[in-house]
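To keep things clear, I will list the structure first and then write my remarks on it.
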Amino acid sequence: MNKKKWLSTPYLVWMIAFTIIPLLLIGYYGFTGRDGSFTIENITAIFSPAHSKALLKSLYLSLLCTIVCLILAYPVALILKNKNVGQGGFVIMIFILPMWMNFLLRTYAWLNLLDDGGIIERFCESIGISYTSIIGTDIAIILGMVYNFLPFMILPLFNVLTKMDQHVINAASDLGANAFQTFTKVVLPLSLPGIVSGVTMVFVPSLTTFVISDLLGARKVMLIGNIIEQEFSIADNRHLGSGLSLVLMIFILASMALIHRYDKNGEGSSL
Amino acid sequence: MKLKRFFSQIYLTLIFIFLYAPIAVLIVFSFNSEKGSRFNHFSLRWYQELFQSEMILDALWNTLFIAVTSAFFATIIGLISCLGISALKGKPKAVYMSLNNIPMLNSELVTGLSLMLVFAAFGLTAGYPTILIAHITFNIPYVILSIMPRLLQTNKSTYEAAIDLGASPMYAFYKILLPELMPGIFSGFLLAFTMSLDDFIITYFTRGAGINTLSTLIYSEVRKGIKPTINALSTIMFVSVLLLLFFVNRPKKDSTKQ
Amino acid sequence: MKKQSFIVGIVLSLSLMLTGCIDKSNSEGTSNNVVKVYNWGDYIDEDVIAQFEEETGITVIYDTFSTNEELYAKISSDPSLYDVICPSDYMIEKMIQNNLLAKINWDNVPNVKNIDPLMMKRVSDFDSNNQYTLPYTFGTVGILYNTTMVDEDITSWDVLWDETYKNNIIMQDSVRDAFAVALKKLGYSLNSTNEHELEEAKDLLRSQYPLVKAYAIDEVRDKMINGAAALGVIYSGEYLYCTEENPDLAYVVPEEGSNLWIDGWVITSGSKNKENAEKWLNFLARPDIALKNFEYITYATPNKAAQEMVDEEYLENPAVFPDEETINRCEVFHYLGQEMEDLYYEMWKLVK
């Protein structure tokens with residue numbers, strides 16, 4: 001089948017044109033000033049109070065979101081596996097289906113639920129609990145992130161769990177392991193690739209989001225995504241925006257490298 | 001054991017409520033007679049306005065057009081590259097696969113921004129072509145990740161036997177490999193279509209004058225207070241997908257009965 | 001397997017169907033008789049667009065932005081992206097300086113005669129020989145407040161720093177407007193280029209942060225109508241619409257002074273449809289069209305001929321059409337140079 005190697009070239013050309021060159025361009029702008037001369041100011045700008053605060057906040061919120069997603073999603077995947085629904089598309093569709101309703105609109109709907117005079121407030125009033133709007137707080141943003149990215153955690157976990165050899169689990173319990181031991185010693189380690197891709201697919205978008213914080217943060221919360229987006233859209237400073245993007249990319253790559261150390265198979269592509 | 005079953009049922013239900021509550025809210029409010037977060041009384045007003053709003057219908061058309069076209073091209077390019085990748089070995093393969101992973105790891109934000117810069121630098125006027133290129137770029141990795149595992153599972157000897165027996169590579173591919181890859185191709189296409197349909201960030205950075213998808217239209221409307229016409233549209237889209245899903249899954253049940 | 005190939009069949013035929021239609025959209029995009037308009041969100045009566053298309057046969061490609069800065073970023077990246085745009089005063093000044101605008105051939109826009117000469121004179125403040133700008137709307141920035149939630153008579157910006165309204169204040173989310181409020185409260189010019197003054201203004205805005213419920217631009221309107229906050233910083237043009245929806249709302253331009261802004265239509269230097277753009281300008285300056293737009297967007301029009309058809313009641317309300325006394329308290333924004341702009345933005349990032 002060696003003849004077929006050339007089939008990989010068209011996409012290689014595509015990737016060079018639309019992935020590599022764009023990244024090099026980000027690098028170019030990141031290391032130049034408005035006047036076009038070389039500078040590292042755009043990189044070191046991350047240490048300015050406004051930027052580092054936003055980056056730390058993004059890291060904190062996205063980490064929290066990833067953990068919450070993992071805790072929520074794992075039981076879902078386990079339950080679905082035990083229900084023996086099979087690899088069937090139906091379950092997957094149930095989790096993909098919300099994505100067919102526009103992402104911005106779904107997030108906006110939370111505003112209807114959570115805001116002052118929203119549905120939750122009126123519900124709380126009717127049963128006599130007081131509720132203060134969480135819009136504009138970190139909680140609202142985490143909620144929006146978890147809501148949007150939870151399916152990305154459930155699907156890889158579900159995939160990896162259903163593919164797991166049931167005999168291995170049976171063997172563990174036959175050999176005297178209790179349910180808890182079977183889980184920690186067998187199921188959990190075997191599901192690591194799923195966890196890795198789930199974590200990747202949740203952590204990266206939540207670290208870089210600017211839309212969720214825009215919609216649910218009452219524009220009081222500035223994440224690193226907001227800062228970068230606004231450097232381009234408002235401050236018209238693509239140099240600073242590119243510099244900060246480079247820093248953000250370094251953070252993503254570093255965390256990916258960290259996560260993928262746990263992915264011993266190195267495939268990590270259980271989606 | 002029963003108790004465990006009971007709790008897992010409750011847990012699943014709660015997760016579903018969490019995922020579908022906002023959607024329920026959107027659907028309910030599409031039947032609201034007034035704009036705003038208070039439900040007045042039932043009305044089909046927004047459904048009527050929907051079909052008169054050229055802006056929304058244009059955005060819908062753009063969204064579907066971009067999603068179908070980009071998913072279509074991404075699937076074809078992805079399929080071809082998968083065949084090529086399977087012939088690669090060792091280091092080149094590893095490099096190729098990590099290049100392929102870049103758009104997924106890179107975050108939509110950086111992908112969108114970098115493409116915007118490239119289009120501007122090379123004087124490409126933002127428009128349909130730039131949006132399509134951007135969407136295809138971030139869709140291909142998903143297609144490849146869907147098809148690759150299938151391709152690795154296929155039995156190569158059948159294909160080779162067909163060639164030995166005198167089938168042309170094209171014919172053997174069409175008759176033997178393609179049917180086996182079909183589920184992967186299909187899920188790749190569906191994934192690409194969905195990602196493109198739901199994308200906001202990349203479109204936001206690469207769109208041109210007057211071209212709105214539903215996402216960018218909603219983003220600009222959010223600031224002025226969304227009119228429930230968009231809710232109405234989303235409701236229609238959601239219900240049609242639901243019906244399609246139902247329709248596709250029904251024959252399965254029948255066959256298990258038999 | 002059959003099922004899946006069936007679906008693939010559906011999807012493929014759907015995509016073929018759609019690609020078949022692409023010709024339609026392409027021909028629209030490339031045909032010569034178009035004008036590409038970039039305007040503020042919800043800043044025109046949509047019927048006016050349809051009427052223009054009908055009367056001139058020109059197809060309007062219409063798009064919206066929500067801040068001057070966003071508009072500038074788009075136009076500076078590619079001046080041919082749009083033909084005719086609607087920035088505010090200081091942004092027009094910046095665009096003129098950066099060669100992003102084309103001079104209007106006033107012979108093609110005879111309706112400019114309808115514009116109040118006094119307004120043309122004000123415009124010459126930032127467009128020195130009246131070569132680029134057709135004024136569209138004007139007004140002030142002030143405080144919109146809900147009289148059921150605020151008992152006192154508001155006369156000063158100070159109220160936006162009053163602890164009693166904690167979580168009841170909606171602040172402007174654009175750099176210059178937010179700084180204008182703080183600079184005016186401190187008694188400085190809203191075109192200040194003094195670093196110490198800006199530093200002070202930044203600290204003031206920072207101290208306001210805990211009291212602010214939300215930063216917003218266009219959303220201020222809906223939030224105030226819904227009674228989500230007691231006080232909101234808003235453009236005078238929104239006042240009329242707001243009181244019609246919620247009669248409890250009142251508007252005041254604080255006595256420390258505020259911003260007088262003018263939005264105008266200008267043509268981009270990269271415009272490939274300049275004549276069509278001029279037709280667009282001329283159309284908008286027609287009295288009946290200006291009136292129609294005023295009635296829809298409720299922002300004061302500088303069109304004298306249209307003003308004559310507006311209700312007396314509105315003309316005499318300084319919240320809608322600012323009177324001389326109010327205008328004298330106000331300042332027009334000026335473009336302060338790239339360096340100053342970067343400094344303003346750097347400070348603004350420290351506020352949140």
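Suppose we keep only residues that are surrounded by fewer than 19 Cβ atoms within 10 Å (Cβ to Cβ), in a helix (DSSP H, G or I) and not hydroxyl-bearing (Ser, Thr, Tyr) within segment C:75-110. Which one would you say is nearest to the other protein chains (Cβ to nearest Cβ)? Per the stated criteria, the residue is C:Gln97.
Quick grid of which residues meet (1) assigned to a loop (DSSP other than H, G, I, E, B); (2) at pLDDT below 95:
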{"residue": "C:Met171", "(1), (2)": "no, no"}
{"residue": "C:Phe179", "(1), (2)": "no, no"}
{"residue": "C:Ala182", "(1), (2)": "no, no"}
{"residue": "C:Asn191", "(1), (2)": "yes, no"}
{"residue": "C:Glu197", "(1), (2)": "no, no"}
{"residue": "C:Ala201", "(1), (2)": "no, no"}
{"residue": "C:Leu205", "(1), (2)": "no, no"}
{"residue": "C:Gln208", "(1), (2)": "no, no"}
{"residue": "C:Ala214", "(1), (2)": "no, yes"}
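Scanning segment A:1-38 for residues that are crowded, with 17+ Cβ neighbours inside 10 Å and more than 8 Å from chain B (Cβ to nearest Cβ) yields a total of 3. Scanning segment A:117-151 for residues that are at the interface with another protein chain (Cβ under 9 Å from one of its Cβ atoms) and of a type in the set (Val, Ile, Thr) yields A:Ile119, A:Thr132, A:Ile135, A:Val146.
Answer yes if at least one residue in segment C:197-215 is over 23 Å from C:Pro302 (Cα atoms), within 14 Å of another protein chain (Cβ to nearest Cβ), under 18 Å from the mean Cα position of the chain (by Cα) and not acidic (Asp, Glu), and no otherwise. Yes, segment C:197-215 has at least one match.
How about segment B:91-124: which of its residues are farther than 18 Å from B:Leu145 by Cα and over 24 Å from the mean Cα position of the chain (by Cα)? Result: B:Lys91, B:Leu117, B:Val118, B:Ala120, B:Ala121, B:Phe122, B:Gly123, B:Leu124. Does C:Leu291 satisfy the condition of being more than 20 Å from C:Trp40 (Cα to Cα) and either out of contact with any Leu (no Cβ under 6 Å at 6 or more places or on another chain) or not assigned by TED's automatic domain parsing to the domain that holds C:Ile234 (or both)? Here the answer is no, as C:Leu291 does not meet what is asked. Right, A:Ser206: away from chain C (no Cβ under 14 Å), buried (at least 23 other Cβ atoms within 10 Å of the Cβ) and on the phi < 0 side of the Ramachandran plot or not? So A:Ser206 passes the test. Looking at segment C:127-169, which of the residues that are part of a helix (DSSP H, G or I) and not acidic (Asp, Glu) is surrounded by the fewest Cβ atoms within 10 Å (Cβ to Cβ)? Here the answer is C:Thr164. Reported count of residues in segment B:109-121, each being within 22 Å of A:Ile212 (Cα to Cα) and more than 7 Å from chain A (Cβ to nearest Cβ), is 3. Helices (runs of 4 or more DSSP H) fully within segment B:24-105 that include at least 1 residues being basic (Lys, Arg) and farther than 28 Å from B:Phe200 by Cβ: B:90-105. Scanning segment C:269-281 for residues that are of a type outside the set (D, E, K, R) and crowded, with 19+ Cβ neighbours inside 10 Å gives C:Ser271, C:Asn273, C:Asn276, C:Ala277, C:Trp280, C:Leu281.
Just one of the listed residues (A:Leu207, A:Leu216, A:Leu190) is aliphatic (A, V, I, L, M) and under 30 Å from A:Tyr29 (Cβ atoms), namely A:Leu207.
Every residue, every condition in (1) assigned to a strand (DSSP E or B); (2) out of contact with any Phe, Trp or Tyr (no Cβ under 8 Å at 6 or more places or on another chain); (3) of a type outside the set (Phe, Trp, Tyr), yes or no:
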{"position": "C:Tyr239", "(1), (2), (3)": "no, no, no"}
{"position": "C:Glu244", "(1), (2), (3)": "no, yes, yes"}
{"position": "C:Leu260", "(1), (2), (3)": "yes, no, yes"}
{"position": "C:Trp265", "(1), (2), (3)": "yes, no, no"}
{"position": "C:Lys292", "(1), (2), (3)": "no, yes, yes"}
{"position": "C:Tyr296", "(1), (2), (3)": "no, yes, no"}
{"position": "C:Ala319", "(1), (2), (3)": "no, no, yes"}
{"position": "C:Ile327", "(1), (2), (3)": "no, yes, yes"}
{"position": "C:Glu339", "(1), (2), (3)": "no, yes, yes"}
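Of all residue pairs spaced 6 or more apart or on separate chains, none has beta-carbon atoms under 6 Å together with a first member in segment B:97-118 that is crowded, with 24+ Cβ neighbours inside 10 Å and a second member that is outside any helix (DSSP H, G or I). Which pairs do you get when a residue that is aromatic (Phe, Trp, Tyr), found in segment A:241-258, comes within reach of a residue that is at pLDDT below 95, reach meaning Cβ atoms under 7 angstrom, with the pair 6+ apart or on two chains? Pairs found: none.
The values are calculated or read from the model by the stated rules, or taken from the named source; none is laboratory data. As the structure is a prediction and not an experimental result, all values here were calculated from the model. Methodologically, a virtual Cβ is constructed for each residue, glycine included, from the backbone with ideal geometry; neighbour enumeration extends over all protein chains shown.
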